[in-house]
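Values in this text are rule-based calculations from the coordinates and carry no lab data. Note that the structure is a prediction, hence the values are computed from the model and not measured. Note that each Cβ is placed from the backbone with ideal geometry, even for glycine, and that neighbours are counted across all protein chains shown.
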Amino acid sequence: MIAMMVSFDPYGHPWILSCFYGSPYPNLKRHSWEFLHTLSDDYALPWVIIGDLNMILDKSEKRGGGPYTPNESVIANNLIQEAGLIDIGFSGNPFTWWNKQAGLGSVKKRLDRSLANAEWMLIYPEANLTHTPTISSDHSAILLDTLPQTHTIFCPFHFQAMWIRDDTYPEPRDISPSRFADGGFPRYVGTLDQEATELIDTLEEFSKITGQTINYEKSGVNFSANLNHSHKDSI
């Protein structure tokens, strides 16, 4: 096992990371898990374990092979409860190991996982473990993300002809073609990014006042022939 203290974390809380490999031999499994239990008594800091633990916790973590017997899970489950550890869970394929046999000879198990104590889970309640497929190994790679980000979908901006035809906007000159120079650039003062931002803000205000919804799918942007490609890409 490799253990280290993580102290450069964004939250400023030092914690312990243990990369653990459990023995694959039945007569040594208890010894390796009892070693983890001993560490849980010694560690007062938030603690997370990750690795190939070579143990399944219930019958749902095995597919194929001989019948499941609870005895192979009792050791791990008892020590996890006594040590106060929590299975972080996962996303992806439910099995992390496959013997790469087909048909009736195929055996799959969830041998790789991440466990943490309650103190660590309080710091990272959204932590996520991902099972990533691999080509050359019989194990999936596992990735622990302590601060998963929420990804937003970018919606491109589209100019609509109705904005310059509408006469209900209080200052129609602000969105009329007269605001643009002969080269196709807005007559705002500033960089191209600032000009585009101000134009979008103006149009959003127009949408709120008139109640007309911006249809992003049916609109498009037409560029002046004098506008170079770098500016088009920026817009």
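Here the label points at I135 and S23, each 7 Å from Cα along the C-beta direction, are separated by 3.6 nm in the simple model. Beta-bridge orientation, the stretch 2-145: approximately 75 percent antiparallel, per DSSP, counting only bridges with both partners inside. If you wrap the tightest convex hull around every Cα atom of the stretch 2-145 and split its volume per residue, you get 117 Å³. If the segment from L144 to V74 were pulled out straight at 0.36 nm per residue, it would be longer than the present Cα-Cα gap by 22.6 nm. Subtracting the Cα-Cα distance of N93 and D58 from their residue separation scaled by 0.36 nm leaves 11.0 nm.
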